Amino acid sequence: GGYVANSLAIMTDALHMLTDLSGIILTLLALWLSAKSPTKRFTFGFHRLEVLSAIISVLLVYILMAFLLYEAVQRTIHMDYEINGDIMLITAAVGVAVNLIMGFLLNQSGHLHSHSHSHPHSHVPQSNSPNTAHSGSHGHSSLAVRAAFVHALGDLVQSIGVLVAAYIIRFKPEYKIADPICTYVFSILVVLTTVRILCDTGVIILEGVPRHLNVDRIKEDLMKIEDVYSIEDLNVWSLTAGKTTAIVHLQLVPGSSSKWEEVQFKARQLLLNTFGMYKCSVQLQSYKQEISKTCASCQSSSA
């Protein structure tokens with residue numbers, strides 16, 4: 001519609017929709033990859049393909065956005081273009097209608113989740129109920145639906161902005177400068193939407209600690225485990241978004257080497273359950289007193 005109407009505002013709005021579509025595709029890709037078994041060559045599985053796909057999709061969006069911004073600047077300078085106001089108005093109206101329908105469906109879905117899973121199971125203790133994890137997952141689903149609803153509202157506001165610009169251009173063609181102005185505004189929205197993705201994927205590629213975890217806090221909790229003397233090494237990174245991995249090397253207190261299984265179990269439970277690790281490896285060693293070694297040059301100089 002934007003191409004036929006020669007409207008950059010419509011095309012930029014479509015570009016923003018493309019970022020949402022790429023997010024959905026990445027989610028589906030993550031679900032598909034999580035079901036694939038690791039191979040002899042890729043022992044961690046194929047989770048990093050999701051990160052690679054995210055970078056490619058964002059770069060594609062930026063290339064298209066740069067082209068649209070260039071055209072918007074040219075139109076602002078020269079003003080030698082014509083826009084089909086009727087097609088632009090119809091396309092913008094369809095965009096607003098679709099966003100309204102999507103927001104309505106998401107809102108109804110959120111209400112259905114909250115009503116169908118809000119009743120208490122008073123006849124079963126909560127701690128022993130097998131439905132605890134089930135209700136928790138539905139709670140997360142409800143949060144995801146509400147987040148999608150809020151995002152749909154943002155898309156609706158943008159579509160309404162395009163509709164207002166289309167209305168102005170249709171009935172006041174001399175104000176066609178509204179079209180490139182919308183492109184400038186929506187390009188900023190696209191950057192704000194995608195810059196977080198680039199930052200997160202950069203941290204994953206560089207094997208940094210995810211933003212929701214604090215290494216010092218993990219070390220403090222590990223040191224609280226009985227019979228742990230010190231933490232020799234701790235590495236935390238992500239295979240992909242939401243799949244954090246940790247390797248920790250613990251030293252046991254003197255005389256407690258027989259309790260290594262219990263310490264290892266507690267450390268694994270802490271990492272997996274408390275900090276939500278996807279995978280973890282806990283290495284243990286007995287207490288070894290550090291012996292300071294004098295270097296050969298110092299020995300020769302003292303002699």
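The values are calculated or read from the model by the stated rules, or taken from the named source; none is laboratory data. What you are looking at is a predicted structure, and each value in this text was computed from that prediction instead of being measured. Virtual Cβ from ideal backbone geometry, glycine too; neighbours counted across all protein chains shown. For the accessible areas, the whole protein counts, side chains as well, though only heavy atoms, and no ligand, DNA or RNA atoms are used. Shrake-Rupley method; radii C 1.70, N 1.55, O 1.52, S 1.80 Å.
A few notes on this one:
- Sum of side-chain charges, residue 271 neighbourhood, beta-carbon under 11 Å (Lys, Arg +1; Asp, Glu -1): +2
- Solvent exposure ordering (accessible area, 1.4 Å, most first) of 167, 81: 167, 81
- Computed with a 1.4 Å probe over protein heavy atoms only, the accessible surface of segment 168-250 comes to 55 Å² per residue.
- Each label was represented as a point 7 Å from its Cα along the Cα-to-Cβ direction; for residue 62 and residue 160 these points are 3.2 nm apart.
- Per-residue accessible area (protein heavy atoms, 1.4 Å probe) orders 102, 277 as 102, 277, starting from the largest.
- 22 Å Cα-Cα threshold exceeded, pairs from 40/219; 40/266; 243/288; 224/288; 40/259: 40/219; 40/266; 243/288; 40/259
- With the simple model of a label 7 Å out from the Cα in the direction of the Cβ, residue 256 to residue 171 spans 7.8 nm.
- Efficiency of FRET from Cβ geometry, residue 220 and residue 108, R₀ 45 Å, rounded to 0.05: 0.50
- Placed amide H near residue 229: partners under 5 Å, 5+ positions off or other chain: 251, 252, 253
- With R₀ set to 41 Å, the beta-carbon distance separating residue 74 from residue 31 gives a calculated FRET efficiency near 0.45.
- Per residue, segment 45-86 exposes 58 Å² of solvent-accessible protein surface, assessed with a 1.4 angstrom probe and all protein chains in place.
- Looking at segment 147-239, the trypsin sites (Lys or Arg not before Pro) that sit in a DSSP loop and have at most 13 other Cβ atoms within 10 Å of their own Cβ are 211, 224.
- The stretch between residue 212 and residue 278 holds 22.4 nm of extra length on full extension. This uses 0.36 nm per residue minus the Cα-Cα distance.
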